[in-house]
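Visitor: First the structure, which I've put down as structure tokens, then a few questions once you've had a look.
All of the numbers you see were taken from the coordinates with simple rules; none came from a lab. Model, not experiment: these values are computed from the prediction. Counting neighbours? That spans all protein chains shown, and the Cβs are built from the backbone with ideal geometry, glycine included.
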Amino acid sequence: MRLFFLTALTMIAFAANSVLNRLALETGDMGPASFAAIRLTSGALMLAALVLWRDKGVTALRNGISWRGPAMLALYVLGFSFAYVTLDAGVGALILFGGVQITMFAGAVLAGEDIPANRWAGAALAFGGLVWLMWPQGGMAPDGTGAALMMAAAVGWGIYSLIGRQAGDPLTATATNFLLAAPVGLLVWALLPDAVSGRGAWLAVISGMVTSGLGYALWYRVLPGLPAAVAAVAQLSVPVIAMAGGVAFLGEVPGPKFVVAAGLVMGGVVVSLCRANRR
């Protein structure tokens, strides 16, 4: 039950990132490069401060440095921000978390992890709910550039999550990843400068410090207890939670289609997680 609660809390943090990003970019006063750079930098500062306060020194941040985690984190954050310039929120979330699921299930298969039939069934049920909810109507295809950017973000987040399952110290690992990814975000902002608004900057700081920095540290803590296939299915709940946030903060009004899809997605997640816990 504790693992389920922490997993649910982490999914809420992930969904909040989508809502914060959409709130910042919706008026056009905040650009994707600036949002991503501020998000990464503020997250790095928050996490570094927590590690320094806990360990009373910088030694921990110097240990276990690897390029893979920071590279995948930067790929995810930048791809996520730029994709939402051209993609609708629903289509973007479908591409992102569908791609994450494919990436993590592929990682599980390559690692030789046992994937029982019930997890495949749970994944199919949840993904079917997302397709029902988010697929564009009238045969409209998503923007090709935006779709490619979001798929790149999905690959980055999927690999980042697989790497996180091996983290011995979740807080230090997440802080190191953010510290090394932040200069990449600042470099992209310098090369592709865009607008910054006070409101958008504050939303980016909240996203960086709270729902990204602390949220990802919690995710790294939860991951070792979750098989990769279960972690992939759990993340399929994020678009539905994000849409609920859209109702509260963006004035979006869901219809019966949302209710049916939410039931399918959450049902698939519960099937996968509950069977894993009993086992």
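Visitor: Any idea what the dipole of the chain comes to, in debye rounded to 20, about its Cα centre with Lys/Arg Cβ at +1 and Asp/Glu Cβ at -1? Don't skip to the answer; put the middle values down first.
Guide: On the way: 15 positive and 10 negative charges, 167 e Å.
It comes to approximately 800 debye.
Visitor: Then there is this: Provide the convex hull volume over Cα atoms per residue for the chain, in Å³.
Guide: Values: hull volume 35.9 nm³, N = 279.
About 129 Å³ per residue, rounded to a whole number.
Visitor: State the Kirkwood hydrodynamic radius of region 5-54 in Å, one decimal place, computed from all pairs of distinct Cα atoms.
Guide: The Cα-based Kirkwood calculation yields 12.5 Å.
Visitor: Out of Ala36, Ala106, Val205, whose Cα points farthest toward the positive end of the dipole of region 2-278 (charges: +1 Lys, Arg; -1 Asp, Glu; placed on Cβ)?
Guide: It is Ala106.
Visitor: Separate question: Could you pull out every whole DSSP H run in the chain that spans at least 18 Å of Cα extent along its own axis and averages -1.0 or higher on the Kyte-Doolittle scale?
Guide: Length and hydropathy pass: 2-25, 32-55, 68-83, 89-110, 117-134, 144-164, 170-191, 256-278.
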